[in-house]
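A.B. asks: First, the structure itself, so that you have it in front of you.
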Amino acid sequence: MDGAGAVVYLVDPGINGNFPNRPDGTKAHKFKAPRAVLMSYIIKGILDRKLPWALVLFGVMISIVLELSGIPSLAFAVGVYLPISSSVPVFVGGMVRWLVDRRIRHNLREHKLTEEQLAAEGDKSPGVLLASGYVAGGAIAGIIIAFMTGVLDKADAATTHWAEAHNPFFDGPNADWLALIPFVALTLFLYLVGREALLANHATKKNSTGLG
């Protein structure tokens with residue numbers, strides 16, 4: 001800071017940063033990491049000796065009640081601290097898995113399998129492999145977006161300028177509809193692959209090759 005108290009030099013991280021704009025008025029893209037924020041709160045609270053232990057113990061009691069009720073406390077906790085924009089896709093994915101598992105149980109009802117065997121059949125579904133690919137693809141896409149924002153800032157600015165000029169869904173109240181279209185398509189594709197309505201022959205060939 002200078003003698004007048006104005007900030008002259010400040011390093012604001014690109015992940016969980018506090019300042020969305022640069023001194024010249026240009027926008028600085030910031031990325032959110034909810035889990036890192038949560039862990040930073042816990043670490044700071046322990047080091048500063050100001051951690052609200054009453055809330056922590058209250059959460060422990062809630063987890064015990066959930067476990068005694070047969071509800072996974074970890075899944076509940078993840079849904080609590082994640083923002084709604086992240087927890088809704090997780091919920092949709094869980095619904096797809098539930099529908100696929102119901103279909104598998106219906107197809108195998110004559111075999112009278114146990115719960116463990118039915119769970120194993122669900123884990124062998126081609127939809128699980130596709131969902132794993134979704135996770136890896138999302139991570140890779142995040143790295144590419146961060147790289148373009150931090151390194152290829154000129155290309156990112158040119159792409160943003162073109163989208164603002166030619167894409168009516170890029171910004172504004174209807175911006176989320178554009179992202180909803182590929183999300184619905186990917187969800188439907190995942191459901192059909194999990195039911196083996198698509199790529200069934202390819203998945204069967206892979207499984208038979210692995211058994212061989």
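The values are calculated or read from the model by the stated rules, or taken from the named source; none is laboratory data. All figures in this text were calculated on a predicted structure; none of them were measured in a lab. Note: ideal-geometry Cβ built from the backbone for every residue, glycine included; neighbour counts use all protein chains shown. Surface accessibility is based on the protein's heavy atoms, side chains included, excluding ligands, DNA and RNA. Shrake-Rupley method; radii C 1.70, N 1.55, O 1.52, S 1.80 Å.
A.B. asks: Applying the selection to segment 140-154, what residues are of a type in the set (G, A, S) and surrounded by 11 or more Cβ atoms within 10 Å (Cβ to Cβ)?
C.D. replies: Across segment 140-154, the qualifying residues are G142, A146, G150.
A.B. asks: For the structure I just gave you, tell me whether V193 is more than 23 Å from I144 (Cβ to Cβ), modelled with pLDDT of 80 or more and part of a helix (DSSP H, G or I).
C.D. replies: The answer is yes for V193.
A.B. asks: Could you tell me which residue of segment 103-123 is farthest from V92 (Cα to Cα), considering only residues that are at pLDDT 80 or above and basic (K, R)?
C.D. replies: R105
A.B. asks: So A157 passes all but one of these: (1) touching a residue at least 12 places away in the same chain (Cβ under 8 Å); (2) closer than 30 Å to T26 by Cβ; (3) of a type outside the set (S, T, Y). Which condition number does it fail?
C.D. replies: (1)
A.B. asks: I've got another one for you. Yes or no: segment 146-159 includes at least one residue that is in contact with a helix residue (DSSP H, G or I) (Cβ under 8 Å, 6 or more places away or on another chain), within 25 Å of V90 (Cα to Cα) and either modelled with pLDDT under 75 or not acidic (D, E) (or both).
C.D. replies: No: zero hits.
A.B. asks: Quick one: in segment 30-47, of everything that is open to solvent by less than 100 Å² (accessible area, probe 1.4 Å) and more than 19 Å from the chain's Cα centre (by Cα), which residue is modelled with the lowest pLDDT?
C.D. replies: Only one residue tops the list, namely S40.
A.B. asks: If you don't mind, another one. Which count do you get for residues in segment 80-98 that are touching a residue at least 12 places away in the same chain (Cβ under 8 Å), assigned to a helix (DSSP H, G or I) and more than 22 Å from Y191 (Cα to Cα)?
C.D. replies: Residues meeting the conditions: 1.
A quick yes/no check of all residues on (1) out of contact with any helix residue (DSSP H, G or I) (no Cβ under 7 Å at 6 or more places or on another chain); (2) within 30 Å of E196 (Cα to Cα); (3) of a type in the set (A, V, I, L, M, F, W, C):
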site: G59; (1), (2), (3): yes, no, no
site: I62; (1), (2), (3): yes, no, yes
site: I71; (1), (2), (3): yes, yes, yes
site: V80; (1), (2), (3): yes, no, yes
site: L99; (1), (2), (3): no, yes, yes
site: R105; (1), (2), (3): no, yes, no
site: L108; (1), (2), (3): no, yes, yes
site: E115; (1), (2), (3): yes, yes, no
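A.B. asks: Quick test of your reading of the structure: L113 fulfils all but one of (1) surrounded by 11 or more Cβ atoms within 10 Å (Cβ to Cβ); (2) assigned to a helix (DSSP H, G or I). Name the failing condition by number.
C.D. replies: (2)
A.B. asks: Could you give every pair whose Cβ atoms fall below 8 Å, whose first residue belongs to segment 125-138 and is closer than 23 Å to L108 by Cα, and whose second residue is in a loop (DSSP other than H, G, I, E, B) and open to solvent by 40 Å² or more (accessible area, probe 1.4 Å), counting only separations of at least 6 or pairs across chains?
C.D. replies: Partner pairs satisfying both residue conditions: S125/E196; P126/E196; P126/L199; G127/R195.
A.B. asks: So, one more: Test each condition in (1) in contact with a Pro (Cβ under 8 Å, 6 or more places away or on another chain); (2) within 30 Å of I143 (Cβ to Cβ); (3) without any contact (Cβ under 8 Å) to a residue 12 or more places away in the chain for M39 and report the one that comes out false.
C.D. replies: (1)
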